[in-house]
Amino acid sequence: MHLQALVNEAPDQRPETIAVAQAADDDVLRAVIQATQHNMAQFCLVGSVEEIKQRIAHLGGQTEHYTYVEARSEREACERAVQQVADGQAKALMKGLVSTSTLLKAVLNKEKGLRTQQLISHVAAFEVPGYDRLILVTDAAMNINPDLKEKAKIIENAVSVAHALGLNQPKVAPVCPVEVVNPAMQSTVDAATLSMMNQRGQIQGCTVDGPLALDNAVSQDAARHKGIQSEVAGKADILLVPTIEVGNTLYKSLVYFARAKVGALVVGAKAPIILTSRADSDEAKLYSIALAAHYAAFHS
């Protein structure tokens, strides 16, 4: 599967609506316009309506293709975009020209936000040159140093994304420095426990096996050379990283060294959240919108 296929193959049902907080940003609006042209989603654009319309026209888009909600500040834009989702007017949320902390504050508001009992986590789908499948990496942006219980929930969130992409039984590799259990390395102990939890039905919808080092998680040759017998080794669809430092470094290494293409979501709230940054390419923003559209359609 390729990320472009998510763009070309719009969800079969009527496109869901994505609410964009503080949408008056050229980079974001370019992705929005492209997504509209592919009929992937509809958009409710929140912010200074006059400025948003001017920017859309400048970029060659059609202003009548969108709905608008006026907001005069960053905080108000986030709150009103979140309200669109909370009220069922939108099925996904996208960050525009706002800080991540301001948007998440609105998302996590106990009374008006999008909190659920689920842990919120970040899932990135990578198209890596030389690989015949998408590889999901989690969690590179939200959970700093998850414990065993949190790792299980992070897996469940990533599996929900994999299912939306058509992977009915994704293979999950808890990535560790080594592929053997070492009591001095908590990540290896957690990996073995997560594997057992999966075998006993406590984590469902996937196959978990670990600990696995990165090489033998994604390379069948590496796994074979080390004599590892596993359904997951060399074939991992989901890489569970032990800490945010590992995830962040792996994410940026794939993008900048391997030239991988990426789309990403935050899941675990009442709706998927597209948390793109200004450093992300227009392409990455478009792929993230496509990922959100397919996720929202699959789980609606």
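Can you pull the percent of the chain's accessible area that's carbon plus sulfur, 1.4 Å probe, other chains left in place?
Roughly 47 percent, rounded to a whole number.
Cα gyration tensor of segment 1-150, axes a ≥ b ≥ c as square roots of the eigenvalues: rounded (a/c below 1.5), prolate (a/b > b/c) or oblate?
Oblate shape, in that a/c is at least 1.5 and b/c is the bigger or equal ratio.
I need the calculated FRET efficiency for the pair ARG259 and ALA5, taking r as the beta carbon distance and R₀ as 25 Å, to the nearest 0.05. Could the numbers behind the result be given before it?
Details: r = 19 Å, r/R0 = 0.75.
The formula returns an efficiency of 0.85 here.
Sorted by average packing, counted as other Cβ atoms within 10 angstrom per residue and highest first, what order do 22-29, 131-138 take?
22-29, 131-138
If I stretch the segment between GLN186 and GLN62 completely, what's the gain in nm (0.36 nm per residue apart, minus their alpha carbon distance), one decimal?
Separation in residues times 0.36 nm, less the Cα-Cα distance, equals 39.3 nm.
Under a point spin-label approximation (7 Å from Cα along Cα-to-Cβ), what is the LYS226-ASN248 distance to one decimal in nm?
Rounded to a tenth, the inter-label distance reads 2.6 nm.
Rounded to the nearest 0.05, what FRET efficiency do ARG14 and LYS112 have when you use their Cβ-Cβ distance and R0 = 45 Å? Let's see the in-between values first.
Numbers: r = 27 Å, r/R0 = 0.60.
About 0.95, to the nearest 0.05.
Taking the alpha-carbon centroid of each part, what is the distance from segment 125-188 to segment 53-98 in angstrom?
Distance between centres, Cα-based: 32 Å.
Could you work out how much longer the chain between ASN39 and HIS299 gets when fully extended? Use 0.36 nm per residue separation minus the Cα distance between them, nm to one decimal.
91.7 nm
How many Å² of accessible area per residue for the chain, probe 1.4 Å?
On the way: 13820 Å² over 300 residues.
For the chain, the solvent-accessible area averages 46 Å² per residue.
What does the highest-first list of 88-101, 279-292 look like by mean Cβ count within 10 Å?
279-292, 88-101
The values are calculated or read from the model by the stated rules, or taken from the named source; none is laboratory data. Keep in mind the model is a prediction, meaning the values are calculated, not measured. Here Cβ is always computed from backbone atoms with ideal geometry, including for glycine, and neighbour counts include all displayed protein chains. For the accessible areas, the whole protein counts, side chains as well, though only heavy atoms, and no ligand, DNA or RNA atoms are used. Shrake-Rupley method; radii C 1.70, N 1.55, O 1.52, S 1.80 Å.
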